[in-house]
Amino acid sequence: MKLNVRWSCLLCLVLIGIAIEGVQCKVVQFIFGDSLSDVGNNMYLSKSLAQANLPFYGIDFGNGLPNGRFTNGRTVADIIGDSTGLPRPPAFLDPSLTEDVILESGVNYASGGGGILNETGGYFIQRFSLWKQIELFRGTTELITNKLGKQATDKFIGEANFVVALGSNDFINNYLMPVYSDSWKYNDQTFARYLMETLQNQLLVLHNLGARKLMVFGLGPMGCIPLQRVLSTTGQCQERANKLAMSFNKAASQLLANLDSRVPNASFKFGDAYDVVDNVIRNPNNYGFDNADSPCCSFGRIRPALTCLPASTLCSDRSKYVFWDEYHPSDSANQLIANELIKKFGFLAGGNSSAPVPAPESAIAPSPDEE
């Protein structure tokens with residue numbers, strides 16, 4: 001008799017070390033991030049001003065209709081998952097999400113406008129910060145535990161890949177904007193320390209909830225995105241923002257190395273594509289691009305156009321542009337970024353590079369204070 005997904009995964013999880021013919025339990029991903037990883041959550045946040053729900057978003061993905069991705073095609077996480085044989089996790093707010101879908105594909109909690117800090121992106125009105133995303137993941141673990149039991153859930157979560165990819169909004173849509181109090185409460189050094197302390201607490205909460213394979217993506221040269229260029233007086237990259245990104249990457253790399261060395265039975269990895277993206281932006285022709293300073297989807301000469309709209313004008317060849325809109329890379333650029341991260345993390349096909357470890361008995365509450 002053919003087993004359904006739920007019972008096949010239950011058998012696979014409980015009968016450790018016993019081969020079951022015809023039954024395979026997948027390693028899945030749980031993704032936490034911002035608009036660079038969002039696959040539709042913000043489409044279901046009706047009050048959110050951070051949206052990718054209009055043409056021409058998604059024009060090179062599937063049926064070409066908007067799907068919640070803030071680009072013309074795939075996200076970096078999409079490409080990495082495809083390249084390593086992992087299923088694409090659906091958005092947490094997708095109405096079709098069920099326990100069986102979670103067991104088969106994982107979950108993506110990423111939300112456009114979200115940041116490591118709760119206060120980040122406040123003017124977008126609705127968005128999931130990382131604390132909020134962790135709270136939602138806690139609910140997911142409870143759902144799966146009710147379905148499978150604790151031992152099977154611990155193994156399922158322990159084998160999953162956890163991707164955390166946030167941080168740029170904490171600068172661009174918080175610290176570097178005078179309307180946010182963080183811009184005058186901190187200096188560059190103290191703000192970076194605030195971010196790292198918060199991120200460390202968040203990663204440890206995920207660990208206490210059962211995560212054993214955690215990967216943090218670093219920041220790119222955010223001072224070179226079209227929005228930052230057009231807001232400068234020269235049209236060039238804003239080097240202060242780039243220096244903040246490099247400082248973030250250095251501190252995050254040290255943080256992950258420290259956690260990896262002192263937290264037992266877990267893997268904490270950090271990777272970034274800063275140098276490659278910086279080189280692409282400064283020498284686009286070497287990588288097959290024609291344009292690295294303006295968006296493919298723009299509103300004529302009106303800049304900045306903060307989003308891509310049906311009335312926008314598209315470039316003639318989307319594969320030749322590094323940036324899709326004022327903020328986000330194109331599908332072609334995301335492919336390049338993903339290739340670099342695959343090398344940095346040493347991803348293996350199937351994504352199962354370490355043995356699963358049982359989760360602890362208890363977890364620390366994240367205590368989010370938004371939404």
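How tilted is helix 331-345 with respect to the longest principal axis of the chain? Cα atoms for both, answer in degrees (0 to 90, nearest 10).
Roughly 50 degrees between the two axes.
Which value, in debye to the nearest 20, describes the size of the charge dipole of the chain about its Cα centre when Lys and Arg Cβ atoms bear +1, Asp and Glu Cβ atoms bear -1, and nothing else is charged? It would help to have the intermediate numbers written out before the result.
On the way: 30 positive and 35 negative charges, 52 e Å.
That gives the chain a dipole magnitude of about 260 debye.
Please give the contour-minus-distance gain from N258 to N201: 0.36 nm per residue of separation, less the Cα-Cα distance, rounded to one decimal in nm.
Working: separation 57, 0.36 × 57 = 20.52 nm, distance 1.31 nm.
Length gained, N258 through N201: 19.2 nm.
Which of S267, N283, C296 sits closest to the plus end of the dipole of region 266-331, meaning its Cα is farthest towards the positive end, when Lys and Arg get +1 and Asp and Glu get -1 on the C-beta?
The one lying farthest along the dipole's positive direction is C296.
Any chance you could check the Cα centroid distance between region 235-250 and region 275-299 for me, in angstrom?
Here the two parts' Cα centres lie 17 Å apart.
Sort 26-33, 330-337, 50-57, 303-310 by the packing proxy (mean of other Cβ within 10 Å over each peptide's residues), most packed first.
26-33, 330-337, 50-57, 303-310
How large is the helix-only mean residue ellipticity at 222 nm for the chain, computed as the sum of -39500 (n - 2.57) over DSSP H runs with n ≥ 4, divided by its residue count, in deg cm²/dmol to the nearest 500? Don't jump to the answer; show the numbers that get you there.
Working: 11 runs with 133 residues, N = 371.
That comes out to -11000 deg cm²/dmol.
I'd like the FRET efficiency for E142 and D82, computed as 1/(1 + (r/R0)^6) with the beta carbon distance as r and R0 of 35 Å, rounded to 0.05. Mind showing how you got there, number by number?
Details: r = 30 Å, r/R0 = 0.85.
Efficiency at R0 = 35 Å is approximately 0.75.
Report, to the nearest 10°, how far helix 130-148 tilts away from the longest principal axis of the Cα atoms in the chain, using its own Cα long axis and a range of 0 to 90°.
For 130-148 against the chain, the angle is about 20 degrees.
Going highest first, how would you order 96-105, 65-74 by mean Cβ packing within 10 Å?
Details: 96-105: 16.9, 65-74: 23.1.
The packing order, highest mean first, is 65-74, 96-105.
How many percent of DSSP beta bridges within the chain run antiparallel, rounded to 5?
Numbers: 4 of 24 bridges.
So the antiparallel bridges amount to about 15 percent of the total.
Take the alpha carbon atoms of region 78-124, find their center, do the same for region 155-212, and report the distance between the two centers in whole angstrom.
The distance from the Cα centre of region 78-124 to that of region 155-212 comes to 17 Å.
Net charge within 9 Å of A160 by Cβ-Cβ distance, Lys/Arg positive one each and Asp/Glu negative one each, not counting A160 itself? Write down the numbers at each step before the final one.
Values: positive: R212, K213; negative: E159.
With Lys, Arg at +1 and Asp, Glu at -1, the neighbours total +1.
Mind checking the per residue accessible area of region 29-345 for me, 1.4 Å probe, whole number of Å²? Don't skip to the answer; put the middle values down first.
Details: 12080 Å² over 317 residues.
Here the residues of region 29-345 average 38 Å² of exposed surface.
Percent of accessible area on region 29-345 owned by carbon and sulfur, 1.4 Å probe?
Working: 6160 of 12080 Å².
Taking all protein chains in place, region 29-345 shows 51 percent carbon and sulfur surface.
Taking the dipole about the Cα centre of region 29-345, with the C-beta of Lys and Arg at +1 and of Asp and Glu at -1, give me whichever of F171, S316, L336 is farthest to the positive side.
Going by the Cα projections, it comes out as F171.
Ranked from highest to lowest mean number of other Cβ atoms within 10 Å per residue, what is the order of the peptides 226-238, 282-294?
226-238, 282-294
Given charges of +1 on the Cβ of Lys and Arg and -1 on the Cβ of Asp and Glu, with all other atoms neutral, how large is the dipole of region 108-160 about its Cα centre, in debye to the nearest 20?
100 debye
The values are calculated or read from the model by the stated rules, or taken from the named source; none is laboratory data. What you see is a predicted model, and the numbers here were worked out from it, not measured in a lab. No Cβ is skipped: glycine too gets one built from the backbone with ideal geometry, and neighbour counts run over all protein chains shown. Quick note on the areas: whole protein, heavy atoms, side chains included, nothing else; ligands and nucleic acids left out. Shrake-Rupley method; radii C 1.70, N 1.55, O 1.52, S 1.80 Å.
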